[in-house]
1. Tell me the relative contact order for the stretch 4-175 as a rounded percent, counting alpha carbon contacts under 8 Å between residues six or more apart.
2. Based on the alpha carbons, how large is the Rg to Rh ratio for the stretch 75-176 when Rh follows Kirkwood?
3. Taking the square root of 5 times each eigenvalue of the Cα gyration tensor, what semi-axes in Å does the equivalent ellipsoid of the stretch 25-103 have, largest first?
4. For the chain, what does the helix formula give at 222 nm: sum of -39500 (n - 2.57) over DSSP H segments with n ≥ 4, over the residue count, nearest 500 deg cm²/dmol?
5. Cα atoms only, the stretch 4-175: Rg and Dmax in Å?
6. Pull up all non-local amide H partners of Y86: gap of 5 or more, or a different chain, and H-to-H distance under 5 Å with H placed in the peptide plane.
7. Tell me which lysines have Cα within less than 21 Å of K38's Cα, excluding those fewer than 8 residues away on the same chain?
8. Rounded to the nearest 20 debye, what is the charge dipole size of the chain about its Cα centre when +1 sits on each Lys and Arg Cβ and -1 on each Asp and Glu Cβ?
Amino acid sequence: MNKAVFLDRDGTLIEDRGHLSSPEEVVFFEETFDALIKLQVSFKLFIITYQSGIGKGLLGQRDVESVNAYVNNTLLEKGIKITDTYVCPHKNEDFCSCKKPNPFFLWKSAADYGINILESYSVGDHPSDYHLAEDAGGKGIYVLTGHGIKHLNELPENALTVKDIGEAADIILAQK
């Protein structure tokens, strides 16, 4: 069984600039590339992104696919392979099964790629990112980039909280 790190996109790997509709709007955090290069040695990497702008009619599916392709291609140019990118396109009021922290995409990765959720991590800047793996038996890490500081008081007291994706990678690798 493989171990994985499930990464939020906006606010974790790249700056959260609202509903991104174009690759030109993407700005990577400085520490993203080094962190992912280190992580991919021991973990498969996945992106799980919540793009409610699709469900709200603010973005098209192609807009999100274009941004995701740009993110994945830029990472690949740096030698980083994202195993898969999962997108939840629904609005909150849709009560779908794929919106974080529901583990829908974790179970999909387990089925499709042989991922052991119990030995995997989720990393992100929203409480739902933290709870994604935590609630499924894995480990969640909360980053203070993006919306991290804004939602900090919504986490359990014992939540593992770090400055950014670089610090998250260091902690994950120290625990492996």
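Coordinate-derived values only; no laboratory data. Please read all numbers here as calculations on a predicted model, not as lab measurements. Heads up, the Cβs are rebuilt from the backbone with ideal geometry, glycines too, and the neighbour counts pull from every protein chain shown.
1. Once divided by the residue count of the stretch 4-175, the mean separation gives 25 percent.
2. 0.96
3. Value: 25, 15, 10 Å, ordered largest first.
4. The helix-only estimate for the chain comes to -9500 deg cm²/dmol at 222 nm.
5. Over the stretch 4-175's Cα set, Rg and Dmax evaluate to 14.7, 42 Å.
6. Those lying under 5 Å, H to H, from Y86 are I47, I48, T49.
7. Candidates past the 8-residue exclusion: K3, K78, K81, K139, K163, K176.
8. Computed about the Cα centre, the dipole is about 440 debye.
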